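The values are calculated or read from the model by the stated rules, or taken from the named source; none is laboratory data. Here the structure is a predicted model, which means the values were calculated and not measured. Here the Cβ positions follow ideal geometry from the backbone for every residue, glycine too, while neighbour counts run over all protein chains shown.
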Amino acid sequence: MIDIELENKVKNVIEQIRPYLQADGGDVEYVDMTDEKIVNLRLLGMCGNCPHSQMTLKNGIEAAVIRAIPEIKGVESVQSV
């Protein structure tokens with residue numbers, strides 16, 4: 001069962017991060033959150049095929065999300081459909 005309040009907190013943090021990614025031609029989209037509190041995101045634009053995308057995901061996005069919401073266990077990237 002998804003915790004709507006927690007999900008909304010995650011979405012809020014993602015919205016705060018998006019302008020930094022967009023400034024470099026990229027973007028990020030919230031996909032979902034697992035019962036284990038792993039957040040699935042889709043990296044878009046330049047972030048989708050950037051060689052540094054995993055570093056951005058783990059050292060940037062994941063670090064910011066966990067710092068703001070300690071209940072979150074991790075952030076993963078899912079591929080575009």
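Contact map, the range 9-20: residues that are touching a residue at least 12 places away in the same chain (Cβ under 8 Å) paired with residues that are among the aliphatic types (A, V, I, L, M) and surrounded by 17 or more Cβ atoms within 10 Å (Cβ to Cβ), Cβ distance under 7 Å, separation 6+ or inter-chain. Pairs shown: Val10/Met33; Val10/Val39; Val10/Val65; Val10/Ile72; Val13/Val65; Ile14/Val28; Ile17/Val28; Ile17/Ile61. None of Ile17, Ile61, Ile72 is of a type in the set (Val, Ile, Thr) and modelled with pLDDT of 95 or more except Ile72. If you go through the range 53-81 and pick out every residue that is surrounded by 13 or more Cβ atoms within 10 Å (Cβ to Cβ), without any contact (Cβ under 8 Å) to a residue 12 or more places away in the chain and more than 21 Å from Lys37 (Cβ to Cβ), you end up with 0. The residues in the range 1-39 that are charged (D, E, K, R), surrounded by 11 or more Cβ atoms within 10 Å (Cβ to Cβ) and more than 18 Å from Arg67 (Cα to Cα) can be counted, and the count is 5. Here Arg67 meets the list (1) at pLDDT 95 or above; (2) in contact with a strand residue (DSSP E or B) (Cβ under 6 Å, 6 or more places away or on another chain) almost entirely, failing just condition (2).
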